[in-house]
Amino acid sequence: MAAVKDMWKAGGGIEMLASEDAVDLAKRHLVQPWPQAGEIGAEARSLIGSGDGIYITDGDGKRLIDGPAGMWCVNVGHRREELARVMYDQAMQLSYNTPWYTMNEPSAVLAERIAGHAPGDLSHVFFTTGGSSAVESALRFMQFYNNVRGRTEKKLILSRGGAYHGSTYLSASLNGRPRDRDWMDGADELIVKLSSPDPFRRPAGMSVAAFCDRLVAEFEETVKRIGADRIGAFVGEPVQASGGVIVPPEGYLRCIRKICRDNDILFVADEVVTAFGRLGHVFASGDVFGIDPDIITFAKGVTSGYFPLGGMIVSERLLEDLRRSNHPTAMYAHGLTYTSHPVGCAVALANLDLLEGGVLAHAQEVTPYFQAQLKTLEELPLVGEVRGVGLMACVECVADRDSKDPLELDRNVGQRIDAHCHELGLLVRPLINMCVMSPPLTITREQIDDMVGILREGISRTMDDLRKEGVWQG
């Protein structure tokens, strides 16, 4: 242990540790996110030592395509010197200020630039430390807004199956993915769950248009049954990311937006994943889906993962309602030590320069090729569907294409594919029976070919394994 401490004193950092030393330290001292009880505090995961462009290098020195772009977030790619220098320069000028009674220039400039990209009258930004705290802030704002307006019963929140909105208490209560809530408590009394807008899982024989009508009817019936006077907000990802890149039917979001507006229900678009270039635009709500939410939450790509930052953009109408209320001294008693962090905001400004300076245009240009090449994987008998939009996609594996059943005898098929792909030079985001791909937006056509080729081989090897084990015959 003293030797490790001496290495850090020498300024070498973690790169001076041998891979096995880092693994040993993790097993003895590091608690990983989302651990299982039998391994909590005693596990080590794949060690990543460095990154460059769309590539990362693991602890054994193996170079891999970063298929998930970290966690949907390294949008401009690894090792961008522009962002690293801004981080250093801002820290040397002002490393921190308290947001309770002071402010900094980068946060004000960033708020103005973000508002310039937002749809509708979304014009004011509250900065947080990430996506979970952004969604939490939006929900607490809804509660505050309705309390000030004397509508103390209007607090229920509509969410959907397959959703993922975070790990803080309120945001996690919205989650609707399998296993997320099996052992965790939540504010269940505040949440009303709706169906996932997953066209792949629609009833047999039903058209996508009819499925959309069914979802909209369910939403309308739910509002009528519960009462609009009790529902404060609907929270939805334009594309359900961690739920398996669920792209809703055409027109669905516009219909839901209208119902929310007609019933004075706040529409909160959770763009933690889809914002800042993932779908080729700074925000997808207006430019891709034609909606103007009351609040948009964001994180991840706002700094391309170089610094923890998130936030929410709030409608001017909502703030004006509060300013005109009969309670001018009512306090939105919510904030974080690192709200509007100067280093994070400075990095986000430089990141936005890169996005506006060509990365967004490049993402729009390669998106059709990305989606088309991945779609060819449907030729493989294990693959039930490849779906996606922008530079995010999901390869869903099924035991049988007619029944669309996942592999009941092997729910970890995604991890099997990931293991083969890792050996071949690609990091995959495995989700039970699905593989999610969301590479850095700077990926080229040639690199897309490499990525899809490795994924094809990884799935093929997995099929061979399953056949040999008698789990699946295809």
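Candidates in the stretch 17-32 are the residues that are touching a residue at least 12 places away in the same chain (Cβ under 8 Å) and either of a type in the set (Val, Ile, Thr) or part of a loop (DSSP other than H, G, I, E, B) (or both); of these, the one that is most open to solvent (accessible area, probe 1.4 Å) is 30.
Checked against (1) open to solvent by 20 Å² or more (accessible area, probe 1.4 Å); (2) small (Gly, Ala, Ser); (3) in contact (Cβ under 8 Å) with a residue 60 or more places away in the chain, residue 310 passes all but condition (1). Taking the criterion of being in a loop (DSSP other than H, G, I, E, B) and crowded, with 16+ Cβ neighbours inside 10 Å, the residues of the stretch 98-136 that qualify are 99, 104, 118, 119, 120, 121, 129, 130. Checking the condition aliphatic (A, V, I, L, M), open to solvent by 20 Å² or more (accessible area, probe 1.4 Å), under 20 Å from residue 294 (Cα atoms) and out of contact with any strand residue (DSSP E or B) (no Cβ under 6 Å at 6 or more places or on another chain), which residue from 210, 228 passes? One residue alone meets the criteria, 228. The set of residues from the stretch 288-307 being more than 11 Å from residue 121 (Cα to Cα) and either without any contact (Cβ under 8 Å) to a residue 24 or more places away in the chain or among the hydrophobic types (A, V, I, L, M, F, W, C) (or both) comprises 288, 289, 291, 296, 298, 299, 302, 307.
Scanning the stretch 178-206 for residues that are buried (at least 16 other Cβ atoms within 10 Å of the Cβ), touching a helix residue (DSSP H, G or I) at 6+ places or on another chain (Cβ under 7 Å) and in a loop (DSSP other than H, G, I, E, B) yields 186, 195, 197, 202. When 304, 285 are checked against the criterion of being more than 20 Å from residue 158 (Cβ to Cβ) and of a type in the set (S, T, N, Q), 304 stands alone in meeting it. Within the stretch 341-360, can you find the residues that are touching a helix residue (DSSP H, G or I) at 6+ places or on another chain (Cβ under 8 Å) and of a type in the set (Asp, Glu)? Within the stretch 341-360, just 353 meets the criteria.
For residue 304, state whether it is open to solvent by less than 10 Å² (accessible area, probe 1.4 Å) and assigned to a helix (DSSP H, G or I). For residue 304, the condition - open to solvent by less than 10 Å² (accessible area, probe 1.4 Å) and assigned to a helix (DSSP H, G or I) - is not met. The listed residues are 218, 237, and the only one of them that is out of contact with any helix residue (DSSP H, G or I) (no Cβ under 7 Å at 6 or more places or on another chain), closer than 30 Å to residue 305 by Cα and acidic (Asp, Glu) turns out to be 237.
Answer yes or no as to whether residue 344 is in a helix (DSSP H, G or I), surrounded by 23 or more Cβ atoms within 10 Å (Cβ to Cβ) and at negative phi. The answer is yes for residue 344.
The set of residues from the stretch 321-341 being over 30 Å from residue 73 (Cα atoms) and either open to solvent by 50 Å² or more (accessible area, probe 1.4 Å) or not in a helix (DSSP H, G or I) (or both) comprises 323, 324, 325, 326, 327, 328, 329, 330, 331. Scanning the stretch 424-468 for residues that are free of Cβ contacts under 8 Å to residues at least 24 places away in the same chain and open to solvent by 60 Å² or more (accessible area, probe 1.4 Å) yields 446, 464, 467, 468. Here 85, 63 are screened, and the one residue that is modelled with pLDDT of 95 or more, over 22 Å from residue 307 (Cβ atoms) and charged (D, E, K, R) is 63.
Within the option set 166, 176, 161, 150, being at negative phi and at pLDDT 95 or above holds for one residue only, 161. Of the candidates 295, 259, 265, the single residue that is among the aliphatic types (A, V, I, L, M), surrounded by fewer than 21 Cβ atoms within 10 Å (Cβ to Cβ), closer than 30 Å to residue 220 by Cα and more than 15 Å from the chain's Cα centre (by Cα) is 259. Every condition in (1) more than 27 Å from the chain's Cα centre (by Cα); (2) part of a strand (DSSP E or B) holds for residue 89 except the one numbered (2).
Please verify whether residue 322 is closer than 16 Å to residue 107 by Cβ and either of a type in the set (Phe, Trp, Tyr) or at pLDDT 95 or above (or both), treating the condition exactly as stated. Answer is no for this residue.
Exactly one residue out of 75, 147 is open to solvent by 40 Å² or more (accessible area, probe 1.4 Å) and in contact (Cβ under 8 Å) with a residue 40 or more places away in the chain: that is 147. Scanning the stretch 379-388 for any residue that is crowded, with 17+ Cβ neighbours inside 10 Å, at pLDDT 95 or above, among the acidic types (Asp, Glu) and touching a strand residue (DSSP E or B) at 6+ places or on another chain (Cβ under 9 Å) turns up at least one such residue.
Among the residues of the stretch 249-275, those identified as at negative phi, of a type outside the set (Asp, Glu) and part of a loop (DSSP other than H, G, I, E, B) are 249, 263, 265, 272, 273, 274, 275.
The values are calculated or read from the model by the stated rules, or taken from the named source; none is laboratory data. If you're wondering where the values come from, they're calculated on a predicted model, not measured in any experiment. We place every Cβ from the backbone using ideal geometry, glycine too, and count neighbours over all the protein chains shown. To get the accessible areas, we keep the full protein, side chains included, count just its heavy atoms, and leave off ligands, DNA and RNA. Shrake-Rupley method; radii C 1.70, N 1.55, O 1.52, S 1.80 Å.
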